[in-house]
Structures are given as C-alpha cells and as structure tokens.
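> I have a structure here, written as structure tokens, and I will follow up with some questions on it.
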Amino acid sequence: MTKIPDDLPQAVVAAKRRRPQLIWIIPAIAALIGAWLAVDAVRDMSRTVTIRFQSAEGLEAGTTLIRFKDVTIGEVKTIALAPDRSHVLVTARLDQSAELLMMQDTRFWVVRPRFSGGQLSGVGTLFSGAYIAVGAGQSKIRQREFVGLEVAPILTEGLPGRQFLLHATELGSLDVGSPVYFRQIKVGEVTAYDLNKSGVGIDLKIFVHAPYDRFVGSFSRFWNASGVDITLDANGVRLQTQSLTSILIGGIAFETPPNVLIDNPAEANQKFTLHRDHATALKTPDGEPELFVLHFKESLRGLAPGAPVDFRGIIVGEVKSVGVEYDPAREWFDFPVQIMLYPKRIRLAVRDGKQHADAAERIKRGLLKAMVERGFRAQLRTGNLLTGQLYIALDFFKEAKKVSLNSKQQPMELPTVPGNFEELQVALATVIKNLSKVQFEQIGTDLQTVMKSLNVTLKSVDQLSQRLDNETAPEIRATLEELRHTLTGVERVLASDSPLQLDVRETMREISRAAVSLRSLADTLDRQPEALLSGKKEQ
C-alpha cells in the first residue's frame, strides 16, 4: 500500500452560497401588516368606551359624533340593547387625542334641543342631528365604561368662581340652570341636584361666578326665591320677587346677616341650608328645640306640621307631627301632637335685669312645673276662618283643673284645655239638651186654649165697636156740629170789627182817662191835704 506523504495539501470542501429568494418577502410583509393591525386593534380597543343611556333617541351607529368643546373626538360605532332590556349600550371609539378624557369622572350626555334655566340650548342639532358631548373630570383613574347623563350639566370647568353645596327639604320649582341671585343680581346657577342617601332631602350644587363668590361667607344664608313672596302684616301687603325669571323657572338667593362681617369667604364645596323663604333664612338661630307632647280631645282637622305654637302673640315653637295611637288599656284612641319649643326665644331675667344664659335648664329644673301649677295650658285656636287652619296657643287659665307634671316622661306631656270652638260646641249642646226638656206639646195645648179665649175676646170687641158705631156715633156727630156753631159765634165776637170789640176798646179808654184823673187828684191831695175840706187853692 502506497503511503501518502504528509506534506501534500488537503482538499477542503467549500459550502455553496445561496441567494435569498424573493418569494419569502411576501410572508414577511404579511406578518408585519398583521402585527401592525393587531397593535392597531389593541389600540382601538383601548380607546373604545361603552356608555349606558336610558334610550337611543337621536343616536345612529356610524353617524353620531362625540364632541368635546365642539371638537369632534370620536364616533359611535354600535348601539345595542342591554341584556335586561332596561337601557341601551352605546359603543364609541375615541381619537388618540382624547385618551386623557377616559377617566373615572368623565361625563357623557346627549345634546338635543332643550329649554332649561330660561335658556334654549342645542338648537343646532335641529339641522345637524344629536351628538354626544363630553365633560372632562379631575380624576387620574382610567375607565372605559360610563353611565350617560340624561340631563345636560352646567359646565363650570375653567370658569373663575366656586361651587357650594346646599341641602333642602324639597326641590320646589328649581331645576338645573336655575339662577342664583345676590341683591337681585344673577351671580350663578344651579349645576346639579339629587336626592340624598337617606331620601329625606335634596342635595343641590350651585356655582357662583367670580368676583361675586367672595360675597359668600361662612355665615351666609340661602333661601328659595322662586315665585312671589307676599307678606301681610301691620304695615300692609308687601310683594317681593327677585326677577321675572325666578317667577317662571325658580331661583335661589343668598345674603349675609347685616350684623355679620364677611372677613373670610366661604371655602369651595362648603355646605349650607336652603331655607324656604327670606324671613326663615334671616331669623335668629333658635338653638336646640325641646320636644313636648300634647293630647287633645277635640278634632285636629286643620292642624298640620309646621303650625305655629303661640305664647300670647309670640311664636315660641312649631308643631312637629300630628298622629293617632291606639291604647289597649283603655281600648280607645289617642291623638298625640308633638311640638318643638325653642327656649332661646324666651329670655329669662332676674330682678337686677340680668339675663340667664340657659333658659332651657331653668325650664327643666322646675320653671315649667311652676307654670303648670299656675294654670299653664295648651289650647287649640283658629288661625284662619276662611281656611280653617288651627294653631296651638300657650297661656295661663285660672279655672283650669290642677294637674301634676311628670318630668321623667320623655317627651314631657303638657296639659291641655278645650279650645274656644270646643267650648262653643259644649255650650250649644247644653242649650239643645235644655231645650229637649221643654214640654212643647203642653205649651202648644195651652197656646190653643189662649188663642180660643183671644178669639172670643176679639169677637166681643168687634160687637162693641159695631154698637158704638150704630148708637153713639150719631150723638157724637150732633155734639160736634153744635160745638162747631159755638166756635163760629165766638170767632165772630172776637173779630176786630165786632161791636163787642168796639165797646171794650171805648170802655178801656174811659178807664184810662179815669185813671189819669185819679192820679191828678192823688197828687193834689198829696200837696194840699186841706183841699178836701176848703177846696183847691189857686196857683
């Protein structure tokens, strides 16, 4: 076998170089397009939101736009009915520029023609169709499912001013957009309202624009200024309203009491009470009320919660409730009336004129017990004869029966006396009872006997009258005729030209002349007494 030399060069196998084929470019491009479409689909899903509305009125898939500050940021893709058929689900896709609006407190609502707060909004949708508006929030938490608003909110984002919270017992004629007034100038509006969690009141949100928000202090008072406020007092009838708009759509007004300075404006979202009228809002705080119960025997028709409790013309409380209870022990019904008295309205003073700080403690310690012993009672009285409304009057009744006050009972019971109307009913009942005892049948029998006797008497008088007319009347006529002739003769004798009158006048003249002669004789005898014997001397 031949040996191969070691220095001989070894053969090396060279790999064949392959050129890339063009056919593989197409799958690569398809993979890139698929990846891009997948990424875009994921991005589309991240910008897709679901909005729940009560109805899809005016909305159309592929047509209805989504706008933020009148800028289109998306479009409605699908509209479907919810599985429970109680609402509709609107799926919309937002643009990339609207990703920051997909937050937890973002609001969506449908813009349609609507009249609210005295203003007509959404007029442009009559031609362009309804659209979904977006309101930005302040949250940083992302969210993709939202509950749309059925009522368009009042947008205050970016506006100078502050928001405040009001609590009211009822809404009245207020609505979103109702104006807020300060000294009859519109300074804000109602932005939202809703029932509170307990369901016993209304929570409202109002926005007061700058610079008027600085007039809202911590002690400001708010009241419902809707409609017309009519006051009837000793000064006459007064009519007050904020504006014609508040009469039609309602409104809220606020004011700070004159004796309170606005050093620091109220903080944003501070809570206030919305009073029912101006007088209630500005009256002095009454403090904590004391609860009492009353039991009346007469009808409570006309007495309603809120009726005043009067103490000799001073309102010291109000009626809280009027109810009915069944007492198994007596097997009868009680009609308890709960009232609230405000002790701070009663100022207690000692002989030196100093006032006691806590009237409620004095009342609890024995003042009320002493007042009850002196005849302090509650009474129902009529406040309005036309409407039949009642109120409770507190006063001292000297003739009231003595009762003991149980201070341990909660709430404490105040004694009562019958009302004026009840006393009138008792008096009428007594009169009717006494009338029932009268023997009207016997009186009727006696009256018939008297009438018969009177009839006989009248017949006798009639006969006497006829007899006088037949017998006495002719003689009386003859006597009157003779009297007439006599008076005629007397008239002739007394006439001025009658002979008797002439003779009387002549006789009177003779008597006058005789009197003159006698007066002359008397004068002569007075001067010459001897003339009676010797005769008259010559002068």
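> Evaluate the distance, in nm, between pseudo-label points positioned 7 Å from the Cα of Asp446 and of Ser404 along their respective Cα→Cβ axes.
5.3
> Among Gly188, Gly161, Val147, which residue has its Cα furthest toward the positive end of the charge dipole of the stretch 139-212, with +1 on Lys/Arg Cβ and -1 on Asp/Glu Cβ?
So the residue we want is Gly161.
> How many angstrom lie between the Cα centre of the stretch 62-77 and the Cα centre of the stretch 280-325?
57
> Would you mind getting me the FRET efficiency between Glu99 and Asn264? Use the beta-carbon distance for r and R0 = 35 Å, nearest 0.05.
0.30
> Separate question: Please list the three semi-axes, largest first and in whole Å, of the ellipsoid equivalent to the stretch 172-229, using sqrt of 5 times the eigenvalues of its alpha carbon gyration tensor.
21, 14, 12
> Go through Lys69/Lys140; Lys344/Lys369; Lys271/Lys320; Lys297/Lys402; Lys344/Lys398 and tell me which ones have a Cα-Cα distance over 28 Å in this structure.
In this structure, no pair lies more than 28 Å apart at Cα.
> How large is the translational diffusion coefficient of the stretch 62-221 in µm² per second when you combine the Kirkwood radius over alpha carbon pairs with Stokes-Einstein at 37 °C and 0.692 mPa s?
Rounded, D is 184 µm²/s.
> Once you place label points 7 Å from the Cα toward the Cβ at Gln163 and Thr273, how far apart are they in nm?
Computed distance between label sites Gln163 and Thr273 equals 2.5 nm.
> Another question, if that's okay. Spelling out what I want: for every residue of the stretch 154-159, take phi, set θ = phi - 60°, compute 6.51 cos²θ - 1.76 cosθ + 1.60 (Karplus), and round to whole Hz; glycine and proline get x.
8, 7, 10, 5, x, 8
> For a paramagnetic label modelled at 7 Å from the Cα of Arg112 toward its Cβ, which residues of the stretch 131-153 fall within the zone defined by backbone nitrogen distances under 19 Å?
The answer is 131-135, 147-153.
> A follow-up question, please. Could you give the length gained on full extension between His295 and Lys69, defined as 0.36 nm per residue of separation minus the Cα-Cα distance, in nm?
Additional length available on full extension: 75.1 nm.
> Out of residues 5 or more away from Phe311 or on other chains, whose amide H comes under 5 Å of its own, with H placed 1.01 Å from N in the peptide plane?
Answer set, sorted by chain and number: Val316, Leu394.
> Extension gain Val456-His87, at 0.36 nm per residue separation less the Cα-Cα distance, in nm?
Between Val456 and His87, full extension yields 122.9 nm more.
> Considering only C-alpha atoms, what is the centroid distance from the stretch 370-405 to the stretch 499-516, in Å?
96
> Determine, from the Cβ-Cβ distance of Met508 and Leu483 and an R0 of 45 Å, the FRET efficiency 1/(1 + (r/R0)^6), rounded to the nearest 0.05.
Once the sixth-power term is evaluated, E becomes 0.90.
> Ignoring ligands, DNA and RNA, please state the percent of accessible area on the stretch 453-493 from carbon and sulfur, probe 1.4 Å.
57
> Follow-up. Taking 0.36 nm per intervening residue step and subtracting the Cα-Cα distance, what contour gain separates Leu155 from Trp332 on full extension?
Using 0.36 nm per residue and subtracting the Cα-Cα distance, I get 57.8 nm.
> Starting from the 7 Å offset along Cα-to-Cβ, what nm value, one decimal, do you get for the label separation of Thr382 and Lys77?
It works out to 7.5 nm between the two label points.
> What list of ³J(HN,Hα) values in whole Hz, one per residue of the stretch 319-331 in order, does the Karplus curve 6.51 cos²θ - 1.76 cosθ + 1.60 (θ = phi - 60°) give from phi, with Gly and Pro shown as x?
Listing the rounded values in order: 7, 8, 7, 10, x, 9, 9, 9, 9, x, 5, 9, 6 Hz.
> Using the Karplus equation 6.51 cos²θ - 1.76 cosθ + 1.60 (θ = phi - 60°), what ³J(HN,Hα) coupling, rounded to whole Hz, does each residue of the stretch 85-91 give in order, writing x for Gly and Pro?
Result, ordered by residue: 6, 8, 7, 10, 10, 9, 9 Hz.
> Using only Cα atoms, locate the centre of the stretch 144-185 and the centre of the stretch 440-480, then give the distance between them in Å, rounded to an integer.
Using only Cα atoms, the two centres lie 95 Å from each other.
The values are calculated or read from the model by the stated rules, or taken from the named source; none is laboratory data. Note that the coordinates shown come from a computational prediction; the quantities given were computed from them, not determined experimentally. Cβ coordinates were reconstructed from backbone atoms using ideal geometry, including for glycine residues, and neighbour counts include every protein chain displayed. Accessible surface is based on the protein model in full, side chains and every heavy atom, while ligands, DNA and RNA are left aside. Shrake-Rupley method; radii C 1.70, N 1.55, O 1.52, S 1.80 Å.
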